[in-house]
1. For region 110-143, how many residues meet the condition of being touching a strand residue (DSSP E or B) at 6+ places or on another chain (Cβ under 8 Å), under 11 Å from A164 (Cβ atoms) and either assigned to a loop (DSSP other than H, G, I, E, B) or within 12 Å of the ligand (Cβ to nearest atom) (or both)?
2. Which of the helices (runs of 4 or more DSSP H) contained wholly in region 232-305 include at least 3 residues that are more than 16 Å from the ligand (Cβ to nearest atom)?
3. Provide a single number: the residues in region 317-334 that are assigned to a helix (DSSP H, G or I) and modelled with pLDDT under 85.
4. Among the numbered criteria (1) within 21 Å of V43 (Cβ to Cβ); (2) surrounded by fewer than 18 Cβ atoms within 10 Å (Cβ to Cβ); (3) modelled with pLDDT under 95, which one does H138 miss?
5. Find the residue count for region 217-228, including only residues that are more than 14 Å from S251 (Cβ to Cβ) and either open to solvent by 10 Å² or more (accessible area, probe 1.4 Å) or of a type in the set (A, V, I, L, M) (or both).
6. I'd like the full set of residues that are without any contact (Cβ under 8 Å) to a residue 24 or more places away in the chain and assigned to a loop (DSSP other than H, G, I, E, B), limited to region 211-231.
7. Could you list, in sequence order, the residues of region 14-41 that are closer than 23 Å to M291 by Cβ and surrounded by 22 or more Cβ atoms within 10 Å (Cβ to Cβ)?
8. Among the listed residues R200, R211, R185, which satisfies the condition of being among the basic types (K, R), within 23 Å of S141 (Cβ to Cβ) and away from the ligand (no atom under 16 Å from the Cβ)?
Amino acid sequence: MADLRSRYMGLELAHPVIASASPLTRELDAFKSLEDANAAAVVMFSLFEEQLRWEQESLEHLTEAGAQSFPEALSYFPPAASYRVGPDRYLDLIRRATEAVDIPVIASLNGTSREGWIEYARQIQQAGAAGLELNVYHIPSSLEESGRAVEQRYLDIVRAVKAAVTIPVAIKLSPFFSAMGDMARQLDQAGVDALVLFNRFYQPDFDLENRQVVPDLELSTAREIRLPLLWIAILHGKVRPSLAATTGVHSPLEIVKYLMAGADAVMTTSALLQHGVTFMARLVAGLSEWMDAHHLASVAQIRGSMSQQRVADPTAFQRANYIRVLQSYRNPYLDR
Ligand SMILES: Cc1cc2nc3c(=O)[nH]c(=O)nc-3n(C[C@H](O)[C@H](O)[C@H](O)COP(=O)(O)O)c2cc1C
């Protein structure tokens, strides 16, 4: 049987497949179920910066004050009330979960500023989390905020959290940087231990009859792996932090693709929400079977084998390939 062992942000994992942040981890039982279903590690649902503020201030007050990121957070998770878990309960859940399971439990903080949650990162470490994932869920909707300022926001948060804790710190990235490579390099220099590609930003729809912006959250499809796949393939071997893939893992094939691009860990949520946590076991078994069927001895052997550095034609990830595709494109309707 193939050796699936993986190392992700300093954590030794039995294999590379991790349950990413989602409401699945809101209850203690779910950690055990995920471990039984053979998850290599679990990322907890995020605690929001706003939830820390809720401790002191009422919801109404915050809304009136127009805290910039607050409406975004609310619309990201429409049933906000059901998602509202106080900071104390979150810490308690970390404590109980880390006692209940042997797999690493990675906590997740979701915020946009440096204030308020850095102290909390320390408490998360004390509660026993094996690592901390930062989700800087920031939509730069102000026309005054420059790209450089957005980058600085990420860097400031990473530096502050890294200075506060000794557990490994990952950052879940937006795909919308002008220069992803340079951003990854800067985050590398800021000391981050892992880059999680990519944050799947909430995109509103319109209800035309009621003229309302509809806050709903669509699950991913396997077709969505291509953007993270592209960037993992480009970044592999060029930056020090581990690379984790998140988005679109619905079968073992997406896992293999992400590993070949260069991912150290591959995360999944939509598939588990769709099919239940036991689907994790099928994904991992499927990965193992695929490796055996292709006579591959280990995950280490395939990791990065299709990265930009390793493929025969590195321009396959660039503009040149786009031009090639266009040149050979045949429209089935026009070119009969
Ligand atoms: C219902 C739901 C809740 C989520 N909650 C969080 C969260 O609390 N924090 C976070 O960083 N990501 C959250 N995510 C994003 C997932 O962790 C994941 O990155 C994203 O869904 C893409 O992966 P997938 O295609 O496997 O679903 C959530 C996703 C869904 C669908």
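1. 2
2. Details: elements: 252-261, 270-275, 279-293, 299-302.
Result: 279-293, 299-302.
3. The first filter runs over region 317-334 and keeps only residues assigned to a helix (DSSP H, G or I), leaving 317, 319-328.
Imposing the further condition that a residue be modelled with pLDDT under 85 reduces the set to 319-328.
Residues flagged as assigned to a helix (DSSP H, G or I) and modelled with pLDDT under 85 within region 317-334 amount to 10.
4. (2)
5. Just the residues of region 217-228 that are more than 14 Å from S251 (Cβ to Cβ), to begin with: 217-219, 226-228.
Checking which are either open to solvent by 10 Å² or more (accessible area, probe 1.4 Å) or of a type in the set (A, V, I, L, M) (or both) leaves us with 217-219, 226-227.
The qualifying residues number 5.
6. The answer is R211, E218.
7. Step one: of region 14-41, the residues closer than 23 Å to M291 by Cβ are 14-20, 34-41.
Within region 14-41, H15, P16, V17, I18, A19, S20, L34, A39, A40, A41 meet the criteria.
8. Numbers: R200 fails: away from the ligand (no atom under 16 Å from the Cβ); R185 fails: within 23 Å of S141 (Cβ to Cβ).
Checking each option against the conditions leaves just R211.
The values are calculated or read from the model by the stated rules, or taken from the named source; none is laboratory data. Bear in mind the structure is a predicted one, so any value in this text is a computation, not a measurement. Every residue, glycine among them, receives a Cβ derived from its backbone with ideal geometry; neighbour counts consider all protein chains shown. We work out accessible area using only protein heavy atoms, side chains counted, and drop any ligands, DNA or RNA first. Shrake-Rupley method; radii C 1.70, N 1.55, O 1.52, S 1.80 Å.
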